[in-house]
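One structure below.
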Amino acid sequence: MNAYPNITIIASLIADTSRSIFLSALLDGRALPAGELAYMAGVSPQTASNHLAKLVAGGLLEVEQQGRHRYYRLASQEIADLIEKMASIAPPVQIRSLKQSDQLQQLSYARTCYNHLAGRLGTSLCEALLKKGYLVEPKEEQGKDYLITEKGSQWFNAFGIKLQLKTGSRRAIARKCLDWSERRYHLAGLLGEQFVHRFIELNWIRQKTGSRSVELTEAGKSGLHEVLDISL
């Protein structure tokens, strides 16, 4: 016996191809039915149910019953962070089909990562906010999250982003999240989530059905270039 946490329990849950596909598919924060997850992993509904039950029992997933259907989502932001960090150090995907290549290109270009933007779109947004001086890197004693400047606070408010937290909330506002496809940081936390909501309101992005990838509209390309000098 030792006093260290038994990480092998979590590692064994993730160390299965079907279960890792389920976890990656749920990284955008959505809740998906067992049938859709089974289709994504290429396994039978019964096999998927067995895997999903193990992930729920292990605390990695939560399940919600709606009628005859069960919907599964990641249990917390911390689980999403873990999967994203593991993906950032995993070996590159071996492309074996045109469909797989297209899917990887779409995910690498723009996708959601637990309610915030990732891929080239996400990292470009983060870098533009730093370049404009709306965010700054923290000093060592200030933690790991980005800091919002007074200039940034004014700009976010003018852009339609409200950053009000409930009293006592410990939620991160501008968290750094390492992007697995770009190997750079994108913006997570409340600010990252608010950008997704605002971009959807402006019709700058659209979530693609059945995928984590995001479509950047022509209005979005024009708007991002106009307000943040981002060219994608």
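The values are calculated or read from the model by the stated rules, or taken from the named source; none is laboratory data. Since this is a predicted model, take the numbers as computed values, not measurements. Quick reminder, even Gly has a Cβ in these numbers, built from the backbone with ideal geometry, and neighbours come from all protein chains shown. What goes into the accessible areas is simple: the full protein's heavy atoms, side chains included, and nothing from ligands, DNA or RNA. Shrake-Rupley method; radii C 1.70, N 1.55, O 1.52, S 1.80 Å.
Across region 57-91, which residue is most open to solvent (accessible area, probe 1.4 Å) among those that are outside any helix (DSSP H, G or I) and hydroxyl-bearing (Ser, Thr, Tyr)?
71
Kindly provide the set of residues from region 36-51 that are assigned to a helix (DSSP H, G or I), open to solvent by less than 60 Å² (accessible area, probe 1.4 Å) and touching a residue at least 12 places away in the same chain (Cβ under 8 Å), ordered by number.
If the condition is that a residue be assigned to a helix (DSSP H, G or I), open to solvent by less than 60 Å² (accessible area, probe 1.4 Å) and touching a residue at least 12 places away in the same chain (Cβ under 8 Å), then 37, 41, 47, 48, 49, 51 are the ones that fit.
Quick one: would you say residue 20 is closer than 24 Å to residue 178 by Cβ, open to solvent by 30 Å² or more (accessible area, probe 1.4 Å) and either acidic (Asp, Glu) or part of a helix (DSSP H, G or I) (or both)?
Values: closer than 24 Å to residue 178 by Cβ: yes; open to solvent by 30 Å² or more (accessible area, probe 1.4 Å): yes; either acidic (Asp, Glu) or part of a helix (DSSP H, G or I) (or both): yes.
Considered against the rule, which asks whether it is closer than 24 Å to residue 178 by Cβ, open to solvent by 30 Å² or more (accessible area, probe 1.4 Å) and either acidic (Asp, Glu) or part of a helix (DSSP H, G or I) (or both), residue 20 comes out as yes.
Can you pull out every residue in region 58-85 that is within 16 Å of residue 18 (Cα to Cα) and not hydroxyl-bearing (Ser, Thr, Tyr)?
Hits for region 58-85 are 58, 60, 61, 73, 74, 83.
Can you find, within region 152-170, the residue that is nearest to residue 77 (Cα to Cα) among those that are open to solvent by 70 Å² or more (accessible area, probe 1.4 Å), modelled with pLDDT of 60 or more and among the polar types (S, T, N, Q)?
164
Out of the residues in region 92-149 that are open to solvent by less than 50 Å² (accessible area, probe 1.4 Å), assigned to a strand (DSSP E or B) and not β-branched (Val, Ile, Thr), state the one that is nearest to residue 189 (Cα to Cα).
The residue in question is 116.
Within region 193-208, does at least one residue satisfy the condition of being open to solvent by 40 Å² or more (accessible area, probe 1.4 Å) and either over 26 Å from residue 106 (Cβ atoms) or of a type in the set (A, V, I, L, M) (or both)?
Yes, there is a match, as at least one residue in region 193-208 is open to solvent by 40 Å² or more (accessible area, probe 1.4 Å) and either over 26 Å from residue 106 (Cβ atoms) or of a type in the set (A, V, I, L, M) (or both).
Being free of Cβ contacts under 8 Å to residues at least 12 places away in the same chain, not aliphatic (A, V, I, L, M) and not in a helix (DSSP H, G or I) narrows it down to one residue among 231, 211, 181; which is it?
Result of the check over 231, 211, 181: 231.
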